[in-house]
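These notes are about the structure you will find just below.
The values are calculated or read from the model by the stated rules, or taken from the named source; none is laboratory data. Since the structure is predicted, the reported quantities are computational estimates derived from the model, not experimental observations. Positions of Cβ are backbone-derived with ideal geometry, glycine not excepted, and every protein chain shown enters the neighbour counts. Keep in mind that these areas ignore ligands, DNA and RNA; they rest on the heavy atoms of the full protein, side chains included. Shrake-Rupley method; radii C 1.70, N 1.55, O 1.52, S 1.80 Å.
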Amino acid sequence: ATPTALMVGTGKGAENGVLIRDGEAVQTMKDITAIVLDKTGTITKGEPEVTDVVPAANYDENEVLRIAASAEQSSEHPLGAAILQGAEKRGLELLDIENFSAVVGRGVKTDSEEGKILVGNQKLMRENDIDIEHLEDEVVSLEEEGKTAMLVALEGEAAGIIAVADTLKEDSENAIAAFKNMGLTTVMITGDNERTARAIADKVGIERVLAEVMPDEKSSEIKKLQSQGENVAMVGDGINDAPALKQANVGIAIGTGTDIAIESSDLTLVRGELSAVVSGLKLSKYTFSTIK
Ligand code: ADP
Ligand code: MG
């Protein structure tokens, strides 16, 4: 590309809310055949809120929320923040905790004044020998509604379920339709469970879903698509997404995302909306088809 073409591209990009870090990416963009979208914070707003609290026998809603929020006090995960906010809304007092640890792709565990607490997905419960059979039907039905259902355990016993839901960004559905119209293979990637992921993908019109992907596996999923001959653009926001953004032919960070995601990207969407990616793709095709 000539420098002029790049400047034109960059100028127009800025107008459309696209901040370009690597000029070459504008050119690479026009050859993209697949687009991979992170679920939380990219397709959805990334501001989950508690929607349901389902206590197991011998517990009540507030107890379940109090136990879970206590464990999430030191969590940096948006799911933890949602639970804390839920407890705050009800004015619940939290337990003192020690020995907190986050279990990647699974949840959190900690000791508290009332005993050992676990909050997280079925994998976390299974690995800690917590019996959740009596809660499984409820988990399934919450997940089918597109909610993320987290299990709460105290002292080796399931205390209940907390479900959170995230709102779709206003333009996700339209932008995804535009990607598909451009003939792009459109894929959603997430650490969340298959059922929740599927329910959200259905709402926005995505057929291909990569769910239960561990944070360190996101970039190998991109590599896999590339080895199938795809030219991949990846859009993400989280700390988790940085290696995948680097691996992609074009890495696109959402402006509201973490610094590390932005640093690892070629392009940043200032407004944090997927319609800006549509503009970017159109811009790239336009710029590099007219200046030859
Ligand atoms: P994502 O970034 O797509 O949400 P993660 O790998 O961070 O994926 O999380 C995967 C799953 O692990 C979540 O859907 C949730 O079930 C569980 N999990 C992760 N962190 C927490 C947490 N702090 N509290 C409860 N559950 C969690
Ligand atoms: Mg994420």
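Across the options LEU154, ASN62, THR28, the greatest Cα extent toward the positive end of the charge dipole of the chain (unit charges at beta carbon of Lys, Arg, Asp, Glu) belongs to THR28. Of the accessible area of the chain, computed with a 1.4 Å probe over protein heavy atoms only, carbon and sulfur atoms account for 46 percent.
Taking Lys and Arg as +1 and Asp and Glu as -1, the other residues whose beta-carbon sits under 12 Å from that of ILE222 total -1. Solvent-accessible surface (1.4 Å probe) assigned to HIS134 amounts to roughly 120 Å². For LYS246 and HIS134, the FRET efficiency from 1/(1 + (r/R0)^6), where r spans their Cβ atoms and R0 equals 35 Å, is about 0.20.
Every helix of 4 or more DSSP H residues in the chain counts as -39500 (n - 2.57), and over all residues that averages to -11500 deg cm²/dmol at 222 nm. Label-to-label distance for GLU263 and SER101 is 2.6 nm, based on points extended 7 Å past Cα in the beta-carbon direction. Antiparallel beta bridges, as assigned by DSSP with both residues in the chain, represent about 65 percent of the total such bridges.
Pair-distance distribution of the chain: all C-alpha pairs, bin width 10 Å, starting at 0; shares per bin in whole percent are 7, 28, 30, 19, 11, 4, 1, 0.
The residues of the chain present an accessible area of 46 Å² per residue when probed at 1.4 Å with all protein chains retained. Computed about the Cα centre, the dipole magnitude for the stretch 47-169 is approximately 400 debye when only Lys and Arg (+1) and Asp and Glu (-1) carry charge, each at its Cβ. Bridging of LYS169 to aspartates and glutamates at a Cα separation below 15 Å is possible for ASP38, GLU47, GLU49, ASP202, ASP237, GLU273, once same-chain residues fewer than 8 apart are set aside. Helix 275-290 against the longest principal axis of the chain: what's the angle in degrees, Cα atoms only, rounded to the nearest 10? With both axes taken from Cα atoms, the answer is about 20 degrees. Simple spin-label estimate for LYS116 and LYS285 gives 5.6 nm between the two label positions (7 Å along the Cα-to-Cβ direction from each Cα).
Normalising the average separation of contacting C-alpha pairs (under 8 angstrom, six or more residues apart) by the number of residues puts the relative contact order of the stretch 74-162 at 21 percent.
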